[in-house]
1. DSSP loop (so not H, G, I, E, B), at most 15 other Cβ within 10 Å: list which chymotrypsin sites (Phe, Trp or Tyr not before Pro) in region 25-104 pass both filters.
2. Given that just one value was derived from the coordinates, which of (i) 17.0, 51; (ii) 14.7, 46; (iii) 15.4, 53 is Rg and Dmax of the Cα atoms in Å?
3. Net charge within 15 Å of M15 by Cβ-Cβ distance, Lys/Arg positive one each and Asp/Glu negative one each, not counting M15 itself?
4. Express in nm, to one decimal, how much length is gained between S38 and D25 on full extension, taking 0.36 nm for each residue of separation and deducting their alpha carbon distance.
5. Hey, got a sec? Which GluC sites (Glu not before Pro) in region 1-92 land in a DSSP loop and have at most 11 other Cβ atoms within 10 Å?
6. List the trypsin sites (Lys or Arg not before Pro) within region 1-103 that DSSP assigns to loop and that have no more than 11 neighbouring Cβ atoms inside 10 Å.
7. How much accessible area per residue does the chain have, in Å², with a 1.4 Å probe?
8. How much length, in nm to one decimal, is gained on full extension between L93 and R12, taken as 0.36 nm per residue of separation minus their Cα-Cα distance?
Amino acid sequence: MSHIVEIKTQVRDPMAIRTACRRIDAPEPVHGTARLFSGSKTGWLVQLSGWRYPLVCDTASGKIEYDNFEGHWGEPVQLDRFLQAYAVERAKLEARKAGHSVSETALTDGSIKLTVQVGGAA
């Protein structure tokens with residue numbers, strides 16, 4: 001029985017992956033092949049703090065594959081932090097690409113509020 005977990009979140013932007021890693025103080029992602037517990041996967045490799053195996057982000061499919069053995073080989077909260085950081089950074093990149101300015105506010109519950117000002121670049 002495999003311990004590989006697949007989630008449906010679409011992670012397709014290498015630049016947002018890089019900026020998300022910086023945001024959570026993870027090492028710079030590299031494109032390559034990682035050996036997980038029961039197989040190899042190729043994509044952008046993200047090493048989360050305390051995780052035995054990296055996340056593998058396949059930007060062509062948008063899939064993230066990983067093996068944390070139900071939390072024994074990595075705290076799920078680290079994955080949550082990465083996904084939140086990716087979503088924030090991707091939204092900021094898209095807003096700025098469209099010529100809008102973006103401001104960000106950390107909320108007390110751990111969520112992040114983005115405010116997009118249409119018409120002004122930041």
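The values are calculated or read from the model by the stated rules, or taken from the named source; none is laboratory data. Just so it is clear, the model here is predicted, and its values are computed rather than measured. Here the Cβ positions follow ideal geometry from the backbone for every residue, glycine too, while neighbour counts run over all protein chains shown. For the accessible areas, the whole protein counts, side chains as well, though only heavy atoms, and no ligand, DNA or RNA atoms are used. Shrake-Rupley method; radii C 1.70, N 1.55, O 1.52, S 1.80 Å.
1. Values: sites: F37, W44, W51, Y66, F69, W73, F82, Y86; in loops: F37, W51, F69, W73.
Taking region 25-104 and a limit of 15 other Cβ atoms within 10 Å, the loop chymotrypsin sites (Phe, Trp or Tyr not before Pro) found are F37, F69.
2. The value computed from this structure is option (iii).
3. Values: positive: R12, R18, R22, R23, R90, K92, R96, K97; negative: D13, E28, E89, E94.
Charge balance near M15 sits at +4.
4. Details: separation 13, 0.36 × 13 = 4.68 nm, distance 2.77 nm.
Here the segment from S38 to D25 would lengthen by 1.9 nm.
5. Details: sites: E6, E65, E70, E89; in loops: E70.
In loop regions of region 1-92 (DSSP not H, G, I, E or B), the sparsely surrounded GluC sites (Glu not before Pro) are E70.
6. Working: sites: K8, R12, R18, R22, R23, R35, K41, R52, K63, R81, R90, K92, R96, K97; in loops: K8, R12, R52.
Those satisfying the criteria are K8.
7. Working: 6960 Å² over 122 residues.
About 57 Å² of surface per residue is accessible.
8. Numbers: separation 81, 0.36 × 81 = 29.16 nm, distance 1.27 nm.
Result: 27.9 nm gained on full extension.
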